[in-house]
Structure formats: C-alpha cells, structure tokens
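Bear in mind that the values in this text are calculations on the coordinates, not laboratory data. Source: prediction; values computed, not measured. All Cβ positions, glycine included, derive from the backbone under ideal geometry; neighbour counts span all protein chains shown.
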Amino acid sequence: MLVSSDGEVTITNDGATIMKNMDVEHHVAKLMVELSQSQDDEIGDGTTGVVVLAGALLEHAESLLDKGIHPTKIADGFELACKKALEKLEAIAQQFPIEDREALVKSAMTALGSKV
C-alpha cells in the first residue's frame, strides 16, 4: 500500500509501481528506481527481480571492496559472470515453433500470472 503526500492510496504488488512512487534521495537508490523503470519499459515484467538481483550484486561488491579488491576487478568479474550466465541460458533455452499455440499460451500465462 502506497500513500502519496496528498493522501492518495494505491494498493499494488507491482514492483515498478512501488519503485516509481518512492521518494528517494540516495544516489544508489535512484539508480535502482531507474533500473526498475527500464526493466518495466523494455520487458514489462521482472522489475522486482532485477532490483533484488542488483541489490545482491551490490551487497557482494561491498564485501569484496571491504576485502581490498579493486573496483575494476569487481566490475570485470561481474562482466565475466554475465557472459557465463548468458552462455548457460543459451545452452538451456528451448525453442518452439510459433504455430505451437499451447507453448505460447503457457508462456503468456507465466508472464501474465503476476499481473492479476
């Protein structure tokens, strides 16, 4: 439940809506809001997931910084991990013909399940 400064109440479980309505000042928090909005604009789903993932990466980066690891090395490591993750996703991806209505409906139901 969100309450605006003028008392307007919004009830939602949509991460993008929640993030968009947050009044944040910290520069990293602002980046998280922008990340959420970009995800919503590009994909229309997964806003909470990208914020949680980014938060976990930042938390891990902080612990590496505390150990004296240079920020460039951390960024390079994240870049390498991203490449490896994309390779793995490509390896496990399953394609199906556009004519396969059942698979399309299953995909749509999964994506839209959180929108109701």
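Shown in residue order for segment 79-92 are the 3J(HN,Hα) couplings computed by the Karplus curve 6.51 cos²θ - 1.76 cosθ + 1.60 at θ = phi - 60°: 5, 5, 4, 4, 4, 5, 5, 5, 4, 5, 4, 4, 5, 9 Hz (x for Gly and Pro). Which one, Ala56, Ser4, Gln39, projects farthest toward the positive side of the charge dipole computed for segment 1-71 from Cβ point charges (K/R +1, D/E -1)? It is Ala56, whose Cα lies furthest towards the positive end.
Report the local net charge at Asp41: Lys and Arg +1, Asp and Glu -1, summed over other residues whose C-beta lies under 12 Å from its C-beta. Overall, the nearby charge balance is -3. Listed from fewest to most Cβ neighbours within 10 Å, the set Ile74, Ile43 follows the order Ile43, Ile74.
Can you give the local net charge around Met19? Use residues other than it whose beta-carbon is closer than 14 angstrom to its beta-carbon, Lys and Arg +1, Asp and Glu -1. Kindly include the intermediate steps, with their values, before the conclusion.
Working: positive: Lys20, Lys30; negative: Asp14, Asp23, Glu34, Asp40, Asp41, Asp45.
That sum, taken over residues with Cβ under 14 Å, equals -4.
Among the lysines of the chain, pairs that are 8 or more positions apart or on different chains and have alpha carbons within less than 19 Å of each other number 5. In this structure the amide hydrogen of Leu2, modeled in the peptide plane, comes within under 5 Å of the amide hydrogens of Thr10, Ile11, Thr12, none closer than 5 places in sequence on its chain. Based on every Cα atom in the chain, Rg and the maximum pairwise Cα distance Dmax equal 18.4, 54 Å. Calculated mean residue ellipticity at 222 nm for the chain: -21500 deg cm²/dmol, from DSSP H runs with n ≥ 4 weighted as -39500 (n - 2.57), summed, divided by the residue count and rounded to 500. Label sites at Lys73 and Ala61, each approximated as a point 7 angstrom past Cα along Cα to Cβ, lie 1.7 nm apart. Model label points for Lys20 and Ser4, set 7 angstrom from Cα along the Cα-to-Cβ axis, are 1.2 nm apart.
What's the exposure ranking of Phe78, Phe96, going from fewest to most Cβ atoms within 10 Å? Going from least to most buried by this count: Phe96, Phe78. Computed log10 I(q)/I(0) for segment 56-116 at 0.13, 0.14 Å⁻¹: -0.62, -0.67, from the Debye equation with unit scatterers placed on every C-alpha and solvent omitted.
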